[in-house]
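Structure record follows, encoded as structure tokens.
The values are calculated or read from the model by the stated rules, or taken from the named source; none is laboratory data. Just so you know, these numbers come straight off a predicted model, no measurement behind them. FYI the Cβ positions are ideal-geometry reconstructions off the backbone, even for glycines, and counts take in every protein chain you see. To get the accessible areas, we keep the full protein, side chains included, count just its heavy atoms, and leave off ligands, DNA and RNA. Shrake-Rupley method; radii C 1.70, N 1.55, O 1.52, S 1.80 Å.
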Amino acid sequence: MWERTLQDLIRGLRANKKDESKFIAQAVDEIRQEIKSKDMELKAAAVLKLTYLDMLGYDMSWASFHVVEVMSSPKYHLKAVGYLAANQSFGPDTDVLMLTTNLLKKDLTSSPNDTAISLNGLSHTISPDLAQDLSRDVVTLLNHSKPHIRKRAVIAVYKTLVKYPEATPFALTRLKERLEDQDLGVVAATINVLCEMVRREPSGYLSLAPQLFRLMTTSSNNWMLIKLIKLFGFLSPYEPRLVKKLQPPITELISTTPAISLLYECVHTCIVGGMLLHASGDSLAELCVTKLAAFLQDPDQNLKYIALLALAKIVPTHRNLVAQYQDMILSSISDQDLSIRMRALDLLSAMVTRDNLQSIVQQLLSHLVGPDTSSLPTAAQSLALNISSSTSDGAGPILAPTQLSSYRLTLVQHLLTTCSHDTYDNVVDFQWYLSVLLDLTYVASVKVGDQIRDQLVDIVARVRGVKRWAVELMTRLVRDDTFLANAQEEGSCAEVLWAAAWICGENSREIAEPQKLLPHLLQPNVSFLAPETIGAYLQAAVKLFGSWSMELSEDWDSGRIQDIREVVDTLISRLENFTSHSEVEVQERAANAVQLFNFIRADLASASFRPEDDSTAGPPANETSQNPTYPKSLLLINPLFSAYELNSVNTAAQDCIPVPESLDLDVWIVPPPREYTVPEAAPDDDTQEGERPLTKKKLKGKGKRKGKEKMSQAETLGSQTDPIPSAGPSETEEDKAEREKRRLERMELRRHDPYYIPDKPYSATSANDIDAIPVVHLDDLPPLSQVAETQYPSLLRDSASVIPSEPFVVDKNGEMPEGAISPPSSKLDPTPPMVTSSIDTAPQVLSSFPAYVVDEEIPRMKTPEPIKVKRTKKKGVSSAKSRRTVVE
Amino acid sequence: MIHSVIIFNTSGVPRLIKFYTPIHKSAQTVVPKIYSLVSTRPPGSCNFLEAPELDQLLGQKDVDEKLRVVYRSYATLHFVFVVDLSESELGMLDLIQVFVEALDRAFENVCELDLVFHFDEVHHILSEIIQGGIVLETNLDEIDSSVHQAASARKQSFAAANPLALGVGGVGPRNAGLQTPLGWLTGKITGVGAR
């Protein structure tokens, strides 16, 4: 049996660099044999070798029992190996830990060497169980005669308390006594430990302040002073009197100490401890900032780094003091060192105000654009690069920070969050900001497209004044075929196209010649985009066509009919490509649009011979002048989208809408099947259901009936269609005349209804058939004239680029429901205003926009009211009484 | 507190890995990543490592728990400390210096090979400076005397157990090559462990 020592193993590893894994596999096999040996020396050597292999990433958890064996050896040099292996390999879930309790108990009370090594081991491997069992033993060691042991015991006690807080009352007093220890090393270790404890729970240790203060004024050990000052930084926010007391000694330390680390810690504590907030704090703040500014100019990069770190903390309270050094800070953003850049970035984001936002953002943007000339590798760097690349494997060449995608991402994210901070509070010129966003889209080349998209949509909803400019920019983006071609590349920000399509579609009135954008929106390359973006594209195309056809109808020229037909034909053929898209969302939108356009195409086809039709058809001659000369289908689409303007909505808006009294969410919609019974009768009064005040008990009964009602309604509907034809023979001549009169009235109504397009000219012959069919039409759509009025005239068409001179107004709060008096904070208004009535009359939002809810700020318009579909039957046209609300 | 102490050389080979708190990723992913970040920093950079991907690597939850990576490079070795907010940034730089000086005293002109062949000894020295992530001692003389005391205790214990041995396991300048006469003989006979 010839064993290898650790040295042999390492030598072997160095000699077998080529097939290291094979060598190690062999070595582990040997170790498995040796570790079972009865010879403790051999076992320990095997454990030590395993510990080394553990560092290289080879598992040693299987050997934990053998580790405990070695730990329990009475020989110190073996015990040391055992403890080392345990420290390295044992974790909180190592099961053999519970075997070590007695071993540790024994070692703790053994010779000083054993005690020291077991205290050290305990600090690493302690578990809650061990802490509970050993807490008394460890605390006893706080009074050991040797300072070295006391020192270790102090830390071990802290570790015990972390795992077993129940021991705190008993241990803490003993621990505090160590602050008075003869040995300074023990005091310093106690301070280190207290620093950890205070950071976790500052308020519990305020009583220590006098003792700590005395130590601070008498000690000259810089290590300890740093920790003490840090400790006070945690404590002083909880004790205002401490601030006053600490100010003189800390000010003195700042001005006298030669140790920069101590000086920095003092400055840092002043900032985080709130010592600059008091009346007397201003001069101290100035002193701090001056010191930090000196660090900033220091050639030592470390000082520059920590200066930026501390300045970022002082900015919220003393912005003006820091602003003096803005240029210096701006220059750090182009530092070669990534760490310094990151700090400077944080600091700059904190420093931004309305006045300096533009210059800072411009500076940051310039980092993203083009090659960074300041970071071209110098001769020394390229030399270092060569050395490192020749000696290292895996490490890439030294890149300039701006070339690192992770850094670019952080930079762009900082930029976006800084500008959008507090609902764009610092942005004065939104035209400028939108341009910045567009620039970012092009130059970012990291994945920030979704954030830019959200901000674009948000701004367009909140800032009215900038809409036209936004549309202009977005049209440009949609027209950019190169951008579309590159959209599949990594970091292309293709998500912005979603916003572009949405903004163009939603504000299509602002576009001069909307039909020219259509080919761009439906070009075949679009199908490579993300499904939700394609959806937005299709929807935008429909909206654009809607507003274009609307425009045509206002200024009708029958010569245009051929143009429109062509456009519609192309639209249909292009859209049909998308009806077979793999994503169901795209499919559905495309299919819907195709149907709409087929409808329009059919109408356009019949429109050409309309002039002759008009003279021969049913309507009386005196109404011909009111008849539109253009094809009515031109007005089909626009009202679908423009009926309502989209605004941003206050986040509390939903809470301000009172819950309808009749709404009870506990009521069954469909009752459980076992309770099914034959309905007694079909109640006709269910339209009044909502108005009736209902008690809880009644509601339950109601709920059961509701389902039945639906069923019975279906039955009655079915049965009621039957009697109509059968009633035919028995009707009198008067009835017939009456019916004919109503039919003509209805036809007249339809004539103005863009949703009703006859494929044949009206004739009196088919009357009976038509009347028998129930006509479903959408309620609550505004009359056409009204829609036309609500449109404000587009200025864009008059002058291409009008720059609004008035400042931009940001709608920060968002829209609140009409009549909502209660502010968002007071949700418990006893009598919330009723808004339902006003909503009822308002045109409904046809929720046609996909995934608008991108962030919490801009949810959809209003509580979506269910759309009422009224089924008009033969006798129900004129009288409101017999209207039956099928869907409510 | 100090969360970990890592030493690796300029090729990324670890020479010492010590984690004081359990980490959510294995040391085998953290160490190479830190190495790649450290080794690509241009010369003359500051000693604080910051990179956008670092937070995610170290598994940080919020600002209060933010971990900092402080490192210092000596010849062919990088010494990396991962610390949290209760440690002073500049203080940690000094502590790395103390650690290196303690190694230097123990090994007399320490070089990478000492760390390679005495990785257990390096752990023992570190344990005299940091215990369980808390700084135990910063005074170089104190550290040195404790290191020596522990080393001589191990030597005595070893000598008592192996009367024929010549000081293996003790600290000293490159005495690793010295083997027990028996070991030396067996090495000669079997050829195992030949250099």
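FRET efficiency for B:GLN156 and A:GLN211, Cβ-Cβ distance as r, R0 = 41 Å, nearest 0.05?
Result of the calculation: an efficiency of 0.50.
For a protection proxy built on the mean count of beta-carbon atoms within 10 angstrom, sort B:133-140, A:633-640, A:200-207 highest first, please.
The most tightly packed comes first, giving A:633-640, B:133-140, A:200-207.
Per residue, how large is the accessible surface of the range A:498-577? Use a 1.4 angstrom probe and give square angstrom.
34
For the B and A pair, go ahead and give the buried accessible area with a 1.4 Å probe, both sides summed, in Å² to 100.
6500
Compute the separation of the alpha-carbon centres of the range A:482-528 and the range A:279-319 and state it in Å as a whole number.
After rounding, the separation between the Cα centres reads 48 Å.
Which residues in the range A:285-329 have a backbone N closer than 15 Å to a point placed 7 Å from the Cα of B:LYS66 along the Cα-to-Cβ line?
From the range A:285-329, the list is A:305-316.
Given points 7 Å out from each Cα along the Cα-Cβ axis, report the A:HIS278 to A:GLU180 separation in nanometres with one decimal.
2.9
Enumerate the amide H contacts of B:ILE130 below 5 Å, restricted to partners 5 or more residues apart or on another chain; note that Pro and chain-start residues carry no placed amide H.
Amide H neighbours of B:ILE130: B:LEU136.
When the accessible area of the range B:2-138 is split by element with a 1.4 Å probe, what percent falls to carbon and sulfur?
53
For A:ASP39 and A:SER145, what does the FRET efficiency come to when R0 = 45 Å and r is the distance between their Cβ atoms, rounded to the nearest 0.05?
0.80
Cβ neighbours within 10 Å, averaged per peptide: list A:348-358, B:40-50 in order, most packed at the top.
B:40-50, A:348-358
A:VAL649's amide H: which non-local residues (gap 5+, or another chain) put their own amide H closer than 5 Å, with H modeled 1.01 Å from N in plane and none for Pro or chain starts?
Residues meeting the criterion, in which the H sits 1.01 Å from N, are A:GLU815.
Please name the residues of the range A:251-269 whose accessible area, counted over protein heavy atoms with a 1.4 angstrom probe, falls by no less than 40 Å² between the chain alone and the full protein assembly.
A:SER261
At 7 Å along Cα-to-Cβ for each site, give me the label-to-label distance between A:GLU30 and A:ASP93 in nm.
Each label point is offset 7 Å from its Cα along the Cβ direction, giving 3.3 nm.
For A:TRP548, A:TRP432, A:TRP668, A:TRP556, what's the largest-to-smallest order of accessible area, 1.4 Å probe?
Numbers: A:TRP548 10, A:TRP432 35, A:TRP668 140, A:TRP556 55 Å².
Sorted descending by solvent-accessible area, the residues read A:TRP668, A:TRP556, A:TRP432, A:TRP548.
List the residues of the range A:1-50 whose accessible area drops by at least 10 Å² when all protein chains are present, compared with their chain alone, using a 1.4 Å probe and counting only protein heavy atoms.
Buried by the other chains: A:TRP2, A:ARG4, A:LEU6, A:GLN7, A:ASP8, A:ILE10, A:ARG11, A:ARG14, A:GLU41, A:LEU48.
Convert each backbone phi in the range A:24-39 into a coupling constant with the Karplus relation 6.51 cos²θ - 1.76 cosθ + 1.60 (shift: θ = phi - 60°), then list the ³J(HN,Hα) values in order as whole Hz, x for Gly and Pro.
3J(HN,Hα) across the range A:24-39, in whole Hz: 5, 4, 5, 5, 5, 4, 4, 4, 4, 6, 5, 5, 8, 5, 7, 6.
Compute, for B:ARG68, the solvent-accessible surface of its heavy atoms (probe 1.4 Å) with the complete set of protein chains present, and express it in square angstrom to the nearest 10.
20
Using modelled amide H (1.01 Å from N, peptide plane; none on Pro or chain starts), what sits under 5 Å from the amide H of A:HIS752, excluding residues fewer than 5 places away?
The list, which skips near neighbours in sequence, is empty: none.
Output the pairs from A:LYS146/B:LYS18; A:LYS49/B:LYS33; A:LYS230/A:LYS313; A:LYS543/A:LYS632; A:LYS22/A:LYS49 with a Cα-Cα distance over 22 Å in this structure; if there are none, say none. Don't skip to the end; give the middle numbers.
Working: A:LYS146/B:LYS18 27 Å; A:LYS49/B:LYS33 26 Å; A:LYS230/A:LYS313 15 Å; A:LYS543/A:LYS632 17 Å; A:LYS22/A:LYS49 16 Å.
In this structure, A:LYS146/B:LYS18; A:LYS49/B:LYS33 lie more than 22 Å apart at Cα.
May I ask you to derive the FRET efficiency for A:GLU532 and A:ARG674 from their Cβ-Cβ distance with R0 = 45 Å, giving the value to the nearest 0.05?
0.55
Taking 7 Å along the Cα-to-C-beta vector as the label spot, tell me the A:GLN523-A:SER203 distance in nanometres, rounded to one decimal.
6.4
Can you give me the Rg/Rh ratio for the range A:127-273, using Cα atoms for both radii and the Kirkwood formula for Rh? Don't jump to the answer; show the numbers that get you there.
Details: Rg = 15.7 Å, Rh = 15.8 Å.
Radius of gyration over Kirkwood radius for the range A:127-273 works out to 1.00.
Could you estimate the translational diffusion coefficient of the range B:2-138 from the Stokes-Einstein equation, with Rh from the Kirkwood formula over C-alpha pairs, at 37 °C and 0.692 mPa s, in whole µm²/s?
Using the Kirkwood radius from Cα pairs, D works out to 216 µm²/s.
Give a residue-ordered list of calculated ³J(HN,Hα) values for the range A:87-96 (Karplus: 6.51 cos²θ - 1.76 cosθ + 1.60, θ = phi - 60°; whole Hz; x for Gly, Pro).
Per-residue couplings from phi come out as 4, 7, 10, 7, x, x, 9, 6, 6, 6 Hz.
Please compute the per residue accessible area over the range B:2-138 with all protein chains in place, 1.4 Å probe, rounded to a whole number of Å².
Accessible area per residue: 31 Å².
Students often check this: by mean Cβ neighbours within 10 Å, which of A:500-513, A:533-546, A:91-104, A:593-606 ranks highest, and how do the rest follow?
Answer by packing, highest mean first, reads A:533-546, A:500-513, A:593-606, A:91-104.
Using alpha carbon centroids, what distance separates the range A:1-64 and the range A:555-593, in Å?
Here the two parts' Cα centres lie 74 Å apart.
Please turn the phi angles of the range A:294-307 into ³J(HN,Hα) values with the Karplus equation 6.51 cos²θ - 1.76 cosθ + 1.60 (θ = phi - 60°), one per residue in order, whole Hz, x for glycine and proline.
Result, rounded to whole Hz: 5, 4, 4, 8, 5, x, 6, 4, 4, 5, 4, 4, 6, 5.
Within 10 Å of each Cβ of B:8-16, how many other protein chain Cβ atoms are there on average? Display every interim value, and only then the final one.
Values: counts 0, 2, 5, 6, 5, 2, 3, 1, 1.
The mean count of partner-chain Cβ atoms within 10 Å per residue comes to 3.
Once you average over the residues of A:75-83, how many Cβ atoms of partner chains fall within 10 Å of each Cβ?
Numbers: counts 5, 9, 14, 5, 2, 11, 3, 0, 3.
Average neighbour count from other chains, rounded to a whole number: 6.
Is the range A:97-200 best put as rounded, prolate or oblate by its Cα gyration tensor, with a ≥ b ≥ c the root eigenvalues, rounded for a/c under 1.5, and otherwise prolate when a/b is larger than b/c, oblate when not? Mind dumping the intermediate values first?
On the way: a/c = 1.89, a/b = 1.20, b/c = 1.57.
Since a/c reaches 1.5 but b/c is at least a/b, the shape of the range A:97-200 is classed as oblate.
Full extension from A:ASP666 to A:SER606: what is 0.36 nm times the residue separation minus their Cα-Cα distance, to one decimal in nm?
16.3 nm
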